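The values are calculated or read from the model by the stated rules, or taken from the named source; none is laboratory data. The shown structure was predicted, so the numbers you read here are calculated from the model rather than taken from an experiment. Here Cβ is always computed from backbone atoms with ideal geometry, including for glycine, and neighbour counts include all displayed protein chains. Heavy atoms of the whole protein, side chains included, go into the accessibility calculation; ligands, DNA and RNA do not. Shrake-Rupley method; radii C 1.70, N 1.55, O 1.52, S 1.80 Å.
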Amino acid sequence: MGERSSACMSMTPFLVVSNTVCYQVTLCTVLVVAIFTACRCVYNTIRKWRAKVTVLVLGCDPIGLTAVLIAAYSKKTSRIMLVEEKSRNYLIGQSQQVALDTRSVQFLKTFNVDFDNIEGCWQGERFCTPLGVLQEYLLGLIERHQDKIEVKLSTKFSKSMLDNICQQKQRTVTIICDDSSPSWSTLLNIDDEYIQSSCKLYGAVAKLERMEQKQIPTPEKTVSRLNLDLSAYGGDFALPESTQLTFHLKIFGTLRHRNICLVCPKSDSNLLRQLRMTANPWIIGMYSRNCIMPTDSNMNHV
């Protein structure tokens, strides 16, 4: 009995030491796991923050406004800045009409663009509206995201603004939607050279303003394969030559502001050569009068 009791007493300190070591190992393991988890969370947060970008949009045309709207709905943008040299009154006062095709309409609807609340008219699945009306509506949508978007109208993009953006540690995506200001390419160190490709077409655009009419959008009207007889203006405009050249006409705009676009394919026709060189306004007017003749039943009302 004495020997067995002494053996038990000698094992007790060993058990105490073993329990202490296990407790310390477990505690160290828990601390290491906790520190690793915390460090990983901080790392992921910093990585996500660094992965976000600042979006700078120069130009407030429909393309620029759409780019801002897309960036506002993206989770990868932290700051958005829209800069435009023109005033708000100028942007919303533009009377020329734009027509959005089916793909554009469906795409904009995904960003909560409600075409039922935009002044315009439907032509099949296309939507026609004045440019100023569309830009005013898109600006209204953008201004709902004031916490994320900074809109600077009537503001010229300067070097100080660029330096302020470059001081940020995040990456910056610059979208230029208006090439009317050559200073942008200089400030951004962008090569202003570009490649110009011919579409092999010649065309002209005329605008008619009728103040007695209301500013109501109208569907586009198009007529293809028109032949013009301008032989009354000389042998160079004779009908036999003109039959070798066909024109395409489009009339669009509001009732007050009507736009006429006349296009013809590039060719070596003598008639086309004379039309490009003539400075006679009566001949230019004859183009419109001949094209607006009721060659199509839909063209009677201009």
> How about K75: which lysines have a C-alpha closer than 26 Å to its C-alpha, ignoring those fewer than 8 places off in the same chain?
Replying inline: K48, K52, K109, K148, K152, K169
> So how do 208-218, 123-133 stack up, highest first, on mean other-Cβ count within 10 Å?
Replying inline: 123-133, 208-218
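Hey, what's the Cα Rg ratio for the stretch 53-132 versus the globular rule of thumb, 2.2 N^0.38 Å? Numbers along the way, then the final one.
Working: Rg = 13.8 Å, N = 80, 2.2 N^0.38 = 11.6 Å.
For the stretch 53-132, the normalised Cα radius of gyration comes out at 1.19.
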>> How large a share of the accessible area of the stretch 103-182, in percent, is made up of carbon and sulfur atoms when the probe is 1.4 Å and the other protein chains stay in place?
In response: 46
> What is the gain in length, in nm to one decimal, between E150 and T222 on full extension, counting 0.36 nm per residue of separation less the C-alpha to C-alpha distance?
Replying inline: 21.9 nm
>> Over the stretch 112-221, with the other protein chains present, what is the accessible area per residue in square angstrom, probe 1.4 angstrom?
In response: 67
>> I need the calculated FRET efficiency for the pair S198 and Q96, taking r as the beta carbon distance and R₀ as 22 Å, to the nearest 0.05.
In response: 0.35
> Tally Lys/Arg at +1 and Asp/Glu at -1 over every other residue whose Cβ is under 13 Å from the Cβ of E84; what's the total?
Replying inline: 0
> Which net charge results for the neighbourhood of Q96, defined as the other residues with beta-carbon distances under 12 angstrom from its beta-carbon, given Lys and Arg at +1 and Asp and Glu at -1?
Replying inline: +1
> Once you list every other residue whose beta carbon is under 9 Å from the beta carbon of A72, what net charge do they have if Lys and Arg are +1 and Asp and Glu are -1?
Replying inline: +2
> Sorted by packing (mean other beta-carbon atoms within 10 Å per residue), highest first, where do 66-79, 25-38 land?
Replying inline: 66-79, 25-38
> What is the list of residues in the stretch 75-110 whose amide nitrogen lies under 14 Å from a point 7 angstrom out from the Cα of Q170, following Cα to Cβ?
Replying inline: 75-82
>> On a 1.4 Å probe surface of the protein chains, which of T54, T172 comes out largest in accessible area, and what is the full order?
In response: T172, T54
> For D163 and V42, FRET efficiency with R0 = 41 Å and r from the beta-carbon atoms, rounded to 0.05?
Replying inline: 0.85
